[in-house]
1. What are the residue pairs meeting all of these: first residue in the range 117-137, first residue over 17 Å from residue 17 (Cα atoms), second residue open to solvent by 30 Å² or more (accessible area, probe 1.4 Å), Cβ atoms under 6 Å, and 6 or more apart or on different chains?
2. Can you tell me which residue within the range 18-36, out of those that are assigned to a helix (DSSP H, G or I) and hydrophobic (A, V, I, L, M, F, W, C), is farthest from residue 111 (Cα to Cα)?
3. From the list 246, 219, 232, exactly one residue is among the hydrophobic types (A, V, I, L, M, F, W, C), closer than 25 Å to residue 59 by Cβ and free of Cβ contacts under 8 Å to residues at least 60 places away in the same chain. Which is it?
4. Which of (1) among the small types (Gly, Ala, Ser); (2) at pLDDT below 95; (3) more than 30 Å from residue 257 (Cβ to Cβ) does residue 23 not meet, given it meets every other one?
5. For residue 127, which of the numbered conditions (1) part of a helix (DSSP H, G or I); (2) under 26 Å from residue 41 (Cβ atoms); (3) not hydroxyl-bearing (Ser, Thr, Tyr) fails to hold?
6. Just give me the residues in the range 58-86 being within 19 Å of residue 215 (Cα to Cα) and open to solvent by 10 Å² or more (accessible area, probe 1.4 Å), in sequence order.
7. Could you say whether any residue in the range 71-92 is of a type in the set (Gly, Ala, Ser) and without any contact (Cβ under 8 Å) to a residue 60 or more places away in the chain?
8. Residues being open to solvent by 60 Å² or more (accessible area, probe 1.4 Å), charged (D, E, K, R) and farther than 19 Å from residue 18 by Cβ: count how many of those fall in the range 190-246.
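The values are calculated or read from the model by the stated rules, or taken from the named source; none is laboratory data. Predicted, not measured: the structure shown is a model, and the values here were computed from it. Here the Cβ positions follow ideal geometry from the backbone for every residue, glycine too, while neighbour counts run over all protein chains shown. Side chains included, ligands, DNA and RNA excluded: accessible areas come from the protein's heavy atoms. Shrake-Rupley method; radii C 1.70, N 1.55, O 1.52, S 1.80 Å.
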Amino acid sequence: MLNRVFVTDCEGPISLNDNAFEAAAHFIPDGDRFFRKVSEFDDILADEIRRPGYNAGDTLKLIVPFLIAHGVTDEKLREFSERTLRLVPGADETLKLAGRLMPSYIVSTSYRHYIEALCRHLDFPLENTRHTTLSLDVEIPNEEREALVRLREDVIEGDFEDLDEIFFHLIPGMEAGKILDGVKTVGGDGKRVALMEILSELELPPESAMYVGDSITDVEPLRELNGRGLAVSFNGNRYALREAEVAVISTDSRALTPS
């Protein structure tokens, strides 16, 4: 084993899915429009306003009450994740080679349901992942369920102030909102913290790490390693490109193969 560590985001470098978006589009009426609106709200909060305590990728937290209101359970999300899983070509080979050369980890904002499906498919150790953990098997009052179903349309049609009222004033006062108190998405600074915890466990400095990301949720770990370890954007958007030292554009994950 080399005194190095390979850490990668999941959706983008390893898989072709946007699991939360796909689940919202499948289970929630007009869920594609709903998710995109919440994601735009997320980008403004994380990158423009930089709201204290808010992490890029908290979209996955904000949509949870709506998933529950539309009858999504842990079992349904697991089955959906298994059935729709799509890998970037070469991902299996890349992870296997990286794992032979050095400790290798996946750090993802994705729900545990999806990461479990990915790990089973790739025979990748679940303990070498960091992800967003929560349960959807929660009962909420019928009146709240009905209110959330109505609020879905308000989110789709609303402006920033409307979404701020819905997500930070109305929903926190609901039983459904209380579910979110213990949920921490592994995005933004959460990914940076996960990266540093991995390095601490391995007793390795940041200079030993390679981190691969592609989106706004990867900004913090990429920034942490820029100029110290190796910060890599894989088919990254403007947020990832802004922080990366190396930009890789490829349809095949083997372009990332450590050497």
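1. Final answer for the pair search is 133/112; 136/73; 137/73.
2. Result: 34.
3. Of the residues listed, the single one that is among the hydrophobic types (A, V, I, L, M, F, W, C), closer than 25 Å to residue 59 by Cβ and free of Cβ contacts under 8 Å to residues at least 60 places away in the same chain is 232.
4. (2)
5. (2)
6. 58, 60, 61, 62, 86, listed by residue number.
7. Within the range 71-92, one or more residues are of a type in the set (Gly, Ala, Ser) and without any contact (Cβ under 8 Å) to a residue 60 or more places away in the chain.
8. Result for the range 190-246: 9.
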